[in-house]
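Below: the structure, in structure tokens.
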Amino acid sequence: MLPADVPAIWLRDNCSCPDCRDPLTDQKLFQITDLPDDLGVANVRPVDGDEEGWEVVWANDGHVSRYTAEWLQRAAEPDPRTEDGKELWGTAARFADGLPETTWAAYLDDDAERLRMLQAVARLGFCLLRDVPLRDGQAQQVALSFGYVRETNYGPQFEVRVEERPNNLAFTNVAITPHTDNPYRDPVPTLQLLHCLVNEAEGGDSGLVDGFAAAAALRAQEPAAFAALTGTSVPFAFRDDTTELSAHRPLIAADPAGRVREVRFNNRSLGTLRLPAEKTEAFYAAYRAFARLLLAPERQLDFRLGPGDCLVFDNTRLLHARTAFARGGARHLQGCYADLDHLFGTIDVLKRKEAQPC
Ligand code: OGA
Ligand code: ZN
Ligand code: ZN
């Protein structure tokens, strides 16, 4: 039987008959205000057939709608972008048995392998592709394998190596502590890719931290600090000779149900917060508490990128870091940005193919 707590308005709004949804595009054909105020169900009966389902006849106009149990179940799935759709990993111990990784060739040749890697990004926040050819522009090719490149003022791709006149500390040999990239953009690039071409320098090791796990820990340990961070818009800023960028966003963004959905953390580009004194004190106490959690060494997964490795990671969730490297040492990564919506979309298309093999 249809669950008793399913509201009539919701069912009627989700009718999928050809009068309500265009069969070609699957897009809705009516406006919410077109539905009657006094919506009433005349009859509900089970639908015959292989699939469990129900038919609803509406009292107002005799309109008939059909619903399947599978649809009802899918509608209850949580937003996969929030912590509810993730496996949070509080410490690097989660990866004692290895990283989510495969070779570029296996990723390209095998849909199941590609799905596994994209699902690792969706659920764990990252994956590592090995043996990506040591050629210019390959980070972008990886982005194009599941979505689109997000071009920015750094270009369609950027060179992470020691520059003569850097506009970002990433383009020097100094240590870069855990951070999310480009918090001064709105919308932020939701994915980042780093493809290692050369890493012969002493140092220059990589680190990843699960920002969602740290935010959840802060909420559990210091709820007031969590509330101060989700409730405070913070200015982030970037400038160089030709660019000025700024965005006001909280360090932890929660959805309306309070579920963590986005983390921005970057000590290099935090701007000047201007709030009443009391709120400023509360914010800094909370910021420091969150930072202590994020920067705790046991939370950081340490590894080293070698030539051909391409790291793909969720820039709304994971923080990344690198250790300092010898000034004259040879180290060169190419990076680019992309977005999670297409990564999730490619997962769904691959799952659809898996369910209906041709
Ligand atoms: C970056 C960055 C890390 C590295 O380019 O955004 O943080 O390993 N680089 O050099
Ligand atoms: Zn209909
Ligand atoms: Zn970075």
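The values are calculated or read from the model by the stated rules, or taken from the named source; none is laboratory data. Remember, predicted model here, so these are calculated numbers, not experimental data. A quick note on method: Cβ atoms are made from the backbone with ideal geometry, for glycine too, and the neighbour counts reach across all protein chains shown.
For this structure, a couple of remarks:
- Among the residues listed as 123, 161, 150, 130, the single one being basic (Lys, Arg) and closer than 15 Å to residue 192 by Cβ: 150
- Matching residues, the range 185-243, being aromatic (Phe, Trp, Tyr) and more than 14 Å from residue 263 (Cβ to Cβ): 238
- Matching entry among 200, 159, 151, 163 (being of a type in the set (Asp, Glu) and modelled with pLDDT under 95): 163
- Qualifying residue in the range 319-331 (condition: more than 18 Å from residue 171 (Cβ to Cβ) and in contact (Cβ under 8 Å) with a residue 24 or more places away in the chain): yes
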